[in-house]
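The structure that follows is given in the form of structure tokens.
The values are calculated or read from the model by the stated rules, or taken from the named source; none is laboratory data. All figures in this text were calculated on a predicted structure; none of them were measured in a lab. Note that each Cβ is placed from the backbone with ideal geometry, even for glycine, and that neighbours are counted across all protein chains shown.
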Ligand code: NCD
Ligand code: ZN
């Protein structure tokens, strides 16, 4: 099998966290991806341009001297985000989107949006300034079934929002359902979606399987939106390999300490950065579409965000990635997911 050489990709949806955790996980992204859209859901969310400026400086400060990486910053939308903050974000040159977390939908979303009506001024200004809205597309109502939350969000929130702001550029993040694929494919206006490696590689059975294939529970496979059934996974794979520029790579790599993932009330999020590109390559190969990997990974994202495509290349060779040493931040360990199914490996070491 020939090695694969593609234009260097970017990760259009990434959680880097902060402090020691960021320092531990960042090299695993930077060895593959030139840039990443960095999510703002820190414990103290990144709601202002000044906070984004300082977070960006911390990321660059944590980068090993021999690595290059450009963090593309985002703001966390709240009911209090002002039109002036949006204008400052647009003018900053380093804020590339504003993230909508429905309140209580996911990790650190308690400061998120309770009602879209609270965000009218911010959304109008984003539409005018052409600053993209990045959407966690799930309703958080406790009465809504966890597996239906994305589908309900499309009808109850996203479609009305896009009717009210038809020129707003929107990325529906980490889509997980056939309904989201169909919506993004057919909807008018400027919309795109990111698709994670784990939602392409696994269906919800991965969360419920024991060592010998019988019963068990696998908290490391728990993320939000939650893994769905096989027919949804297939719809995601079909979208990713379709060559439609509305679908592009975003890992949603979201590290949580192993002890929090494995506790009685585990955290949502899969840490996939170390194996992300090999995972995508494996899925594309299995779909007979390796020739479409480069456009999905390295072209459609920058085109949508209005940024240049990367000049460099990365290389993958046939084989299983090396096991990686435990990723440690102090006494906290982070377990990376995905190695077991990879049939490709990066040639670069971290
Ligand atoms: C993310 C996190 O941990 O920050 N978790 C996840 O399950 N994907 C937040 C998010 O993107 O929903
Ligand atoms: Zn995320």
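Within the bounds of segment 20-36, is there any residue that is in contact with a helix residue (DSSP H, G or I) (Cβ under 9 Å, 6 or more places away or on another chain), at pLDDT 95 or above, within 14 Å of ligand 1 (Cβ to nearest atom) and farther than 20 Å from residue 280 by Cα?
Yes, segment 20-36 contains a residue that is in contact with a helix residue (DSSP H, G or I) (Cβ under 9 Å, 6 or more places away or on another chain), at pLDDT 95 or above, within 14 Å of ligand 1 (Cβ to nearest atom) and farther than 20 Å from residue 280 by Cα.
Oh, and also: Taking segment 252-281 on its own, how many of its residues are surrounded by 23 or more Cβ atoms within 10 Å (Cβ to Cβ) and farther than 22 Å from residue 136 by Cα?
6
Look at segment 125-165 and say how many of its residues are within 16 Å of ligand 2 (Cβ to nearest atom) and surrounded by fewer than 20 Cβ atoms within 10 Å (Cβ to Cβ).
So the count comes out to 1.
Ok, one more. Taking only pairs six or more apart or across chains, which ones have beta-carbon atoms under 9 Å, a first residue in segment 267-278 that is under 9 Å from residue 338 (Cα atoms) and without any contact (Cβ under 8 Å) to a residue 40 or more places away in the chain, and a second residue that is near ligand 1 (Cβ under 10 Å from one of its atoms) and assigned to a strand (DSSP E or B)?
Taking only residues 6 or more apart or on different chains, not a single pair turns up.
List the residue pairs whose Cβ atoms are under 6 Å apart, where the first residue sits in segment 252-263 and is within 18 Å of residue 198 (Cα to Cα), the second is within 11 Å of ligand 1 (Cβ to nearest atom) and in a strand (DSSP E or B), and the two are 6 or more positions apart or on different chains.
Every condition considered, the pairs that remain are 252/13; 253/14.
Quick check on residue 263: is it in a loop (DSSP other than H, G, I, E, B) and either over 15 Å from the mean Cα position of the chain (by Cα) or closer than 26 Å to residue 130 by Cβ (or both)? Even if it seems obvious, please write down each step before you answer.
Numbers: in a loop (DSSP other than H, G, I, E, B): yes; either over 15 Å from the mean Cα position of the chain (by Cα) or closer than 26 Å to residue 130 by Cβ (or both): yes.
Criteria met by residue 263.
Applying the selection to segment 1-19, what residues are assigned to a loop (DSSP other than H, G, I, E, B), buried (at least 20 other Cβ atoms within 10 Å of the Cβ) and within 16 Å of ligand 1 (Cβ to nearest atom)?
15, 16, 17, listed by residue number.
Please state which one of 105, 52, 122 is within 13 Å of ligand 1 (Cβ to nearest atom) and either surrounded by 17 or more Cβ atoms within 10 Å (Cβ to Cβ) or within 21 Å of the chain's Cα centre (by Cα) (or both).
After applying the criteria, what remains is 105.
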